1. Quickly run through region 39-83 and pick out the residues that are under 17 Å from Val111 (Cα atoms), among the basic types (Lys, Arg) and either open to solvent by 50 Å² or more (accessible area, probe 1.4 Å) or not in a loop (DSSP other than H, G, I, E, B) (or both).
2. Restricting to region 8-41, give me the number of residues that are of a type in the set (A, V, I, L, M) and on the phi > 0 side of the Ramachandran plot.
3. Val113 - would you say it is of a type outside the set (Asp, Glu), at pLDDT 95 or above and in contact with a helix residue (DSSP H, G or I) (Cβ under 6 Å, 6 or more places away or on another chain)?
4. Pairs only if they're at least six apart or on different chains, beta carbon under 7 angstrom, first in region 76-102 and polar (S, T, N, Q), second part of a loop (DSSP other than H, G, I, E, B) and surrounded by 15 or more Cβ atoms within 10 Å (Cβ to Cβ); list them, first residue then second.
5. Identify all residues within region 84-115 that are open to solvent by 10 Å² or more (accessible area, probe 1.4 Å) and assigned to a strand (DSSP E or B); write none if there are none.
6. If Gly16 passes every condition in (1) in contact (Cβ under 8 Å) with a residue 40 or more places away in the chain; (2) within 18 Å of Gly108 (Cα to Cα) but one, which one does it miss?
7. Just for region 1-38: of the residues that are of a type in the set (A, V, I, L, M) and assigned to a strand (DSSP E or B), which one is nearest to Thr56 (Cα to Cα)?
8. Could you please find all residues in region 1-38 being among the aromatic types (Phe, Trp, Tyr) and open to solvent by less than 20 Å² (accessible area, probe 1.4 Å)?
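The values are calculated or read from the model by the stated rules, or taken from the named source; none is laboratory data. These numbers come from a predicted model, not from an experiment. Positions of Cβ are backbone-derived with ideal geometry, glycine not excepted, and every protein chain shown enters the neighbour counts. Note: areas computed on protein heavy atoms with side chains; ligands, DNA, RNA excluded. Shrake-Rupley method; radii C 1.70, N 1.55, O 1.52, S 1.80 Å.
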Amino acid sequence: QVQVAESGGGLVQPGGSTRLSCAASGRIISFNTMSWYRQTPGTERELVAAISGGGTTTYGDSAKGRFAISRDKAHRTVYLQMNNLKPEDTAVYYCNLRSGQLTYWGQGTQVTVSS
């Protein structure tokens with residue numbers, strides 16, 4: 001059974017930094033895509049950043065220049081380094097894994113940017 005679990009987040013001051021982690025367990029293909037999405041109440045889930053099996057990265061407009069996605073060599077853990085955080089970055093951040101034709105989501109982790 002494949003599981004995806006996020007960690008990190010919490011309360012961060014404006015202008016601060018934090019790093020989210022997401023670990024995948026179970027039987028997955030190594031050439032997978034892992035992504036971070038975020039969602040606030042009443043809005044659709046939006047892409048923050050993604051990294052493909054080949055290492056190609058994609059960023060949503062809100063993340064460009066401030067966030068960086070990376071992954072471990074085993075392609076089972078993905079990280080999201082978030083810098084210069086703003087109150088509008090407050091959201092639940094979800095990890096997404098696409099392994100072949102299958103998609104898995106984590107439970108989400110709350111990031112609150114506030115003084």
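1. The one that is under 17 Å from Val111 (Cα atoms), among the basic types (Lys, Arg) and either open to solvent by 50 Å² or more (accessible area, probe 1.4 Å) or not in a loop (DSSP other than H, G, I, E, B) (or both): Arg45.
2. Qualifying residue count, region 8-41: 0.
3. On the way: of a type outside the set (Asp, Glu): yes; at pLDDT 95 or above: yes; in contact with a helix residue (DSSP H, G or I) (Cβ under 6 Å, 6 or more places away or on another chain): yes.
Yes.
4. Asn83/Arg66; Asn84/Arg66; Ser99/Ile28; Ser99/Asn32
5. Result: Val92, Tyr94, Arg98, Ser99, Leu102, Thr103, Tyr104, Trp105, Thr109, Gln110, Thr112.
6. (2)
7. Looking at residues that are of a type in the set (A, V, I, L, M) and assigned to a strand (DSSP E or B), I get Met34.
8. To start, the set of residues in region 1-38 that are among the aromatic types (Phe, Trp, Tyr) comprises 31, 36-37.
Hit for region 1-38 is Trp36, nothing else.
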